[in-house]
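The values are calculated or read from the model by the stated rules, or taken from the named source; none is laboratory data. This one's a predicted model, so the numbers in the text were calculated from it and none came from an experiment. With ideal geometry, Cβ positions are generated from the backbone for all residues, glycine too; neighbour counts draw on all protein chains shown.
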Ligand code: SF4
Ligand code: SF4
Ligand code: SF4
């Protein structure tokens, strides 16, 4: 039977291909390709057809941020950067390179980090922009709109008005300068630091993270089996695994299932959660 990770990579590849075909190659009339937009959270919410939004909130409550691992094109594009990062980290010359910002090796294995304190404020800013009608600013944070902006540099939105030429040029500029630049910045950030955009910035990720926290199926340790080898923590692109405490911050987890693949001891699993700390000492500290 294929592993969860294989299934997720297959489904994500299909959705990414459909999204690129829909946005960049004007194949919007093909029903199979149209699905790539209909399943997106914000386009569905803005179209006041809350079907997809409600579906993903329920799915997230049961399984966590599978939206981030299966259908969000920006999330899947970031995965290509972390895949490349893993390969670059094996090149001896690059392994010694240091990040000028924090002095750590540029392609060092990932380590656990607490959830960013800014993500709540960014979500608030995003909601306020939407409520005040500043949708252009809100769009700069929202993954599907980032993709749409980038695609407009390839085929600007058609119009029949006399200002077609002007609109064509402005869309081209907007898409090329803003859309692609944001996409490239997010990709480079992922190459250096993993899914930081998803865990620190993206307002949709923040909302889904809060739902996941209280959800049913979680990534959890089996402390009796774990030998503390750190392999799961080092591969986690969301930096949400803390082996020393046998703790996974599921609100940051994007359900890539890489941690499960690297664990030879079957000590970290995707399982219905008991919502309590993994070890007796931590349970005593938490008073549970
Ligand atoms: S956090 Fe945002 S950008 Fe990242 S995968 Fe989820 S929806 Fe996409
Ligand atoms: S890879 Fe498995 S054994 Fe190693 S630290 Fe993670 S859960 Fe424990
Ligand atoms: S905890 Fe596991 S499934 Fe979640 S993001 Fe980290 S590696 Fe992926």
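Numerical summary
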{"read-out": "Among (1) surrounded by 14 or more Cβ atoms within 10 Å (Cβ to Cβ); (2) modelled with pLDDT of 80 or more; (3) away from ligand 1 (no atom under 13 Å from the Cβ) - the single one residue 46 does not satisfy", "value": "(2)"}
{"read-out": "Subset of the range 220-259 [more than 9 Å from ligand 2 (Cβ to nearest atom), out of contact with any helix residue (DSSP H, G or I) (no Cβ under 6 Å at 6 or more places or on another chain) and more than 16 Å from residue 111 (Cα to Cα)]", "value": "220, 224"}
{"read-out": "Condition check for residue 216: in contact with a strand residue (DSSP E or B) (Cβ under 9 Å, 6 or more places away or on another chain) and over 16 Å from residue 239 (Cα atoms)", "value": "yes"}
{"read-out": "Among residues of the range 58-89, those that are within 14 Å of ligand 3 (Cβ to nearest atom) and in contact with a helix residue (DSSP H, G or I) (Cβ under 9 Å, 6 or more places away or on another chain), counted", "value": "17"}
{"read-out": "Residues (under 20 Å from the mean Cα position of the chain (by Cα) and closer than 25 Å to residue 38 by Cβ) located in the range 106-136", "value": "123, 126, 127"}
{"read-out": "Hey, residue 173 in a helix (DSSP H, G or I), away from ligand 1 (no atom under 15 Å from the Cβ), out of contact with any strand residue (DSSP E or B) (no Cβ under 9 Å at 6 or more places or on another chain) and at pLDDT 85 or above or not", "value": "no"}
{"read-out": "Close pairs (6 angstrom Cβ cut-off, 6 or more residues apart or separate chains): outside the structural domain of residue 136 (by TED's automatic domain parsing) and free of Cβ contacts under 8 Å to residues at least 60 places away in the same chain in the range 182-193, within 16 Å of ligand 3 (Cβ to nearest atom) and in a helix (DSSP H, G or I) anywhere", "value": "none"}
